[in-house]
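The values are calculated or read from the model by the stated rules, or taken from the named source; none is laboratory data. As the structure is a computational prediction, the values presented were derived from the model and not from experiment. Neighbour counts run over all protein chains shown; Cβ positions are idealised from the backbone, glycine included. Accessible surface is based on the protein model in full, side chains and every heavy atom, while ligands, DNA and RNA are left aside. Shrake-Rupley method; radii C 1.70, N 1.55, O 1.52, S 1.80 Å.
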Amino acid sequence: MATGSPSIAFDTPVELTAVSELPHFGVPEQPSAVIPAERWEVLTRVVNVVIAGIALLVLAPICVLVAIVVKLTSPGPVFYTQTRVGADRRWNRTTALNERRIEDLGGQPFTILKFRSMRTDAEANGQAVWATKHDARVTPVGRVLRKTRLDELPQLINVLRGEMNIVGPRPERPSIVVRLRNDIPEYPFRHRVKPGITGWAQINHSYDSCLEDVRKKVHFDLEYIANQSLWFDFKIMVLTLPVMLFRKGAH
């Protein structure tokens, strides 16, 4: 992970990758003023459950095929599980007076599900490491799964559990969250909503491999949060398809 703070400022315009023609809504000049746009959360939950349920049924044959290929081509489990940090329900103090945590991780921890795309010894020392573009720890099959985003399909189960939405900021592991919220003051505000399988940052920027990449993604995450809506979610879902099928935008 990077040890120094990059020169890019939070509100410095960022260059988009492959989707620069998309409209952008902007965020308040003061990031602390980013408050999730109001929307009917009950309807949002229903829509997410319906989409996740239908997607799991339709994609079940693909999931079975991916599971078989992963098992046959690399020793180890089919699924990869890891603790990630979810939504922070305490940021709005008026609705969190009765909530207590032994340790402040920045949000509610949960176990994320993925098809395994790396060797089982990828983090043998237990240290969190950012993935790189040509990461040697990724298996040949895993490289295809990552490029097509098929490794993320099991997270539809996380959506059914209520831990994630289809669209939202990508969740990170606790150790990385602790580091990033110290290096990037705006980072904690992205936890004001549920994390997602895909998001505004994912269709506008590639995998983050350094602190500067994270700063750019945080800008997009806060832009999404300040303007969230079901219509915006549907748009992001549609824009995610060319990223998966044609490797446009994020990769």
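Is it true that some residue in region 200-212 is at pLDDT 90 or above and open to solvent by less than 10 Å² (accessible area, probe 1.4 Å)?
Pass one, region 200-212, residues at pLDDT 90 or above: 200-201.
When the remaining residues are screened for being open to solvent by less than 10 Å² (accessible area, probe 1.4 Å), the result is 200-201.
Scanning region 200-212, I find at least one residue that is at pLDDT 90 or above and open to solvent by less than 10 Å² (accessible area, probe 1.4 Å), so the answer is yes.
Go through region 217-230 and give me each residue that's under 14 Å from the mean Cα position of the chain (by Cα) and open to solvent by 10 Å² or more (accessible area, probe 1.4 Å). Spell out the reasoning first.
Quick first cut of region 217-230, residues under 14 Å from the mean Cα position of the chain (by Cα) only: 217-222, 224-225.
Listed by number, the residues that qualify are 217, 219.
Name the residues in region 136-167 that are open to solvent by less than 40 Å² (accessible area, probe 1.4 Å), touching a residue at least 24 places away in the same chain (Cβ under 8 Å), not charged (D, E, K, R) and not in a loop (DSSP other than H, G, I, E, B), would you?
Selection gives 141, 142, 145, 148, 155, 156, 158, 159, 165, 166, 167.
What do you reckon, is residue 44 modelled with pLDDT of 95 or more and within 20 Å of the chain's Cα centre (by Cα)? Even if it seems obvious, please write down each step before you answer.
Details: modelled with pLDDT of 95 or more: yes; within 20 Å of the chain's Cα centre (by Cα): yes.
Yes: the conditions hold for residue 44.
Would you pick out the residues in region 91-110 that are modelled with pLDDT under 90 and either in a strand (DSSP E or B) or over 17 Å from residue 178 (Cα atoms) (or both)?
Those that are modelled with pLDDT under 90 and either in a strand (DSSP E or B) or over 17 Å from residue 178 (Cα atoms) (or both): 92, 93, 94, 95, 96, 97, 98, 99, 100.
Output the number of the condition that residue 60 fails; it satisfies all remaining conditions of (1) surrounded by 21 or more Cβ atoms within 10 Å (Cβ to Cβ); (2) at pLDDT 95 or above; (3) more than 29 Å from residue 35 (Cα to Cα).
Tallying (1) surrounded by 21 or more Cβ atoms within 10 Å (Cβ to Cβ); (2) at pLDDT 95 or above; (3) more than 29 Å from residue 35 (Cα to Cα), residue 60 fails exactly one: (1).
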